[in-house]
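Everything below concerns the one structure shown next.
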Amino acid sequence: MTDTARQDFRFFHRLRVRWAEVDMQKIVFNAHYLMYFDTAISDYWRALALPYDSTMQSLEGDLYVKKATVEFHASARVDDQLDVALKCSRIGTSSMVFTGAIFRGEEHLISGELIYVFADPSTQTSKPVPVALRDVLLGYEAWEPMVRLELGTWQALGAAASKVRTEVFVEEQRIPVEMEWDEADATAVHALARNRLGLPVGTGRLLQQAPGVSRIGRMAVNRVVRGSNVGRDVLRALMQAATERGDHEVRLHAQRTAKGFYTRLGFLPCGEPFEEAGIVHLEMVHALPFGQ
């Protein structure tokens, strides 16, 4: 067994072994370990706050697997909870190497290596890894933040924020466009999250509901990068802005499916569910430390 340890990695994808993935001895079929690594790669891109398709379009290329290897140390069994670890260990001229490991607790079960080549999608001929992508990967592995938060007016941030809101509310949730835009945008404080390529991936706004009481709304995160803490960072930025202006409470209308997200960040439900724009919502509230 190699000396690979959990602390060698920043990124982990968690999964549980299902019956369909094991043989009669209840150990995982060998080929499924490559599937586990492939699934983890998708979440790795999410952690970078890079929507894969739009990112590759903007970079005018795509990634193709050149080589994949797996080294077996011990077997995973049905119902095991596994952590699939990945790191970008080397970037060449046109290729990048991802080193992987699968752990059951602290036990290192599987080692893996995936080699990708950046190439022209029309010809599948290799081309240099773009500097911007190289910087994102190296920055992530150096524990640098993947998202930059901006606070500002609608005049300054509206063009980018409206792109995210249109994608989420109008296109994904099919909210009528006339219900999405209102006069409150002009007076609100807006938060905008951009990834390391400068693409907008999240937004929200802060209004003054009453003296000392803020209202957060229009929280939207690109569907592909949800789960990478973009929404959390946007929400915290708006709450900090409310705190700095001296508010003692912040309220919001949470879609019922997002109740768990807000609860984990300290919001409490207030009142009965209600319908807004054809979607069930809950009023939720969070106390703020006055003057801090």
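With each pseudo-label sitting 7 Å past Cα toward Cβ, what's the SER54-ASP182 distance in nm, one decimal?
Each label point is offset 7 Å from its Cα along the Cβ direction, giving 2.5 nm.
I'd like the distance between the alpha-carbon centres of the stretch 227-268 and the stretch 51-130, rounded to an integer number of Å.
34
Once the Cα gyration tensor of the stretch 6-141 is found, what semi-axes does its equivalent ellipsoid get, as square roots of 5 times the eigenvalues, in whole Å, sorted largest first? Mind showing how you got there, number by number?
On the way: eigenvalues 170, 46, 33 Å².
For the stretch 6-141, the ellipsoid semi-axes come out as 29, 15, 13 Å.
Taking the Cα centre of each part, how many Å lie between the stretch 146-172 and the stretch 27-42?
After rounding, the separation between the Cα centres reads 36 Å.
Ordered by residue, what ³J(HN,Hα) values in Hz, to whole numbers, does the stretch 244-250 give under the Karplus form 6.51 cos²θ - 1.76 cosθ + 1.60, where θ = phi - 60° and Gly and Pro are x?
Coupling constants for the stretch 244-250: 5, 8, x, 5, 10, 7, 10 Hz.
Binned at 5 Å from 0, what are the whole-percent values of the Cα-Cα distance distribution for the chain, short to long?
Taking all Cα pairs of the chain, the binned fractions are 1, 5, 10, 13, 14, 13, 12, 11, 9, 7, 4, 1, 0, 0 percent.
Quick one: work out the % antiparallel among DSSP beta bridges in the stretch 147-287, nearest 5. Each step should come with its number before you reach the end.
On the way: 31 of 35 bridges.
Percentage antiparallel, nearest 5: 90.
What relative contact order, as a whole-number percentage, does the chain give when Cα pairs under 8 Å and 6 or more residues apart are counted? List each step's numbers first, then the result.
Working: 550 pairs, mean separation 39.9, N = 292.
Reported as a whole number, the value is 14 percent.
Is the stretch 147-287 rounded, prolate or oblate when judged by the Cα gyration tensor, a ≥ b ≥ c being the square roots of its eigenvalues, rounded requiring a/c under 1.5 and prolate requiring a/b larger than b/c?
Working: a/c = 1.33, a/b = 1.12, b/c = 1.18.
Rounded.
Whole-Hz ³J(HN,Hα) for each residue in the stretch 21-36, computed from phi via Karplus 6.51 cos²θ - 1.76 cosθ + 1.60 with θ = phi - 60°, x for glycine and proline: what do you get?
In residue order, the calculated couplings are 9, 10, 9, 5, 7, 6, 10, 5, 4, 3, 5, 5, 5, 5, 4, 4 Hz.
With contacts defined as alpha carbon pairs under 8 Å and 6 or more residues apart, what's the relative contact order of the stretch 147-287 in percent?
Details: 246 pairs, mean separation 28.7, N = 141.
Over the stretch 147-287, the number comes to 20 percent.
List the chymotrypsin sites (Phe, Trp or Tyr not before Pro) in the stretch 135-241 that DSSP assigns to loop (not H, G, I, E or B) and whose Cβ has at most 16 other Cβ atoms within 10 Å. Which are they? Walk me through the numbers on the way to the answer.
Details: sites: TYR140, TRP143, TRP154, PHE169, TRP181; in loops: TRP143, TRP181.
The qualifying sites are TRP143, TRP181.
Check which residues have an amide H placed less than 5 Å from GLY202's amide H, if you skip close sequence neighbours.
ALA193, ASN222
With the contact rule set at Cα under 8 Å and sequence spacing of 6 or more, what percent relative contact order holds for the stretch 71-180?
Values: 125 pairs, mean separation 19.4, N = 110.
Taking the mean separation of contacting Cα pairs over the length of the stretch 71-180, I get 18 percent.
Starting at the first residue of the stretch 177-191, write each ³J(HN,Hα) from the Karplus equation 6.51 cos²θ - 1.76 cosθ + 1.60 with θ = phi - 60°, in whole Hz, x for Gly and Pro.
Once θ is set to phi - 60°, the couplings for the stretch 177-191 become 4, 5, 8, 7, 9, 8, 6, 5, 4, 5, 10, 7, 8, 10, 10 Hz.
A short reminder: the numbers here are calculations on the coordinates, not readings from a lab. Because the structure is predicted, anything quoted here is derived from the model rather than measured. Methodologically, a virtual Cβ is constructed for each residue, glycine included, from the backbone with ideal geometry; neighbour enumeration extends over all protein chains shown.
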